[in-house]
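K.L.:
Submitted below is the structure of interest, expressed as structure tokens.
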């Protein structure tokens, strides 16, 4: 594959993809951990914002963030975890815009994670994976 002057890190693509996976997955684990520690609060929070039943949506988000984050970091079924993260982040973005009427800074985080998830779906997990 020829490397372009327009992509100066192209020859290090697998290392960059690994770095993206570790950062993105780490962020997902960070935000998923409180949900793992106190699932009851997570379920109640989802009911408060209109996602019922709270136990169902809270469990899905808990698993996507925590387990999916770990899967992304280690490169295990990265495409599945990235697809689920993309769906969660798209849903979160749309909910914050249409239902919660949040300003851009409150959903820009969701958009960035959506973009990273889509990038992983396009380029794959790179060479450094467990699977």
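The values are calculated or read from the model by the stated rules, or taken from the named source; none is laboratory data. No experiment lies behind these values; they were computed from the predicted model shown. As a convention, Cβ positions derive from the backbone with ideal geometry for all residues, glycine included, and neighbour counts pool all protein chains shown.
K.L.:
Would you say residue 29 is closer than 29 Å to residue 128 by Cβ, touching a helix residue (DSSP H, G or I) at 6+ places or on another chain (Cβ under 7 Å) and surrounded by 15 or more Cβ atoms within 10 Å (Cβ to Cβ)?
P.N.:
So residue 29 passes the test.
K.L.:
Going through 73, 80, 87 one at a time, which residue ends up being surrounded by 15 or more Cβ atoms within 10 Å (Cβ to Cβ) and within 16 Å of residue 113 (Cα to Cα)?
P.N.:
Step by step, each of 73, 80, 87 is checked, and only 73 is surrounded by 15 or more Cβ atoms within 10 Å (Cβ to Cβ) and within 16 Å of residue 113 (Cα to Cα).
K.L.:
Being in a loop (DSSP other than H, G, I, E, B) and under 16 Å from residue 69 (Cα atoms) is the filter here, so list the residues in segment 89-125 that pass it.
P.N.:
Restricting attention to segment 89-125, the residues satisfying the condition of being in a loop (DSSP other than H, G, I, E, B) are 99-103, 124-125.
Selection gives 124, 125.
K.L.:
Sticking with this structure for a sec: Is there a residue being under 15 Å from residue 123 (Cβ atoms) and outside any loop (DSSP other than H, G, I, E, B) anywhere in segment 63-72?
P.N.:
Of the residues in segment 63-72, the ones under 15 Å from residue 123 (Cβ atoms) are 72.
Checking which are outside any loop (DSSP other than H, G, I, E, B) leaves us with 72.
So far as segment 63-72 goes, yes, one or more of its residues are under 15 Å from residue 123 (Cβ atoms) and outside any loop (DSSP other than H, G, I, E, B).
K.L.:
Name the single residue, out of those in segment 26-61 being within 27 Å of residue 73 (Cβ to Cβ) and not in a helix (DSSP H, G or I), that is modelled with the lowest pLDDT.
P.N.:
51
K.L.:
Taking the condition of being within 16 Å of the chain's Cα centre (by Cα) and at positive phi, how many residues in segment 74-108 meet it?
P.N.:
Qualifying residue count, segment 74-108: 2.
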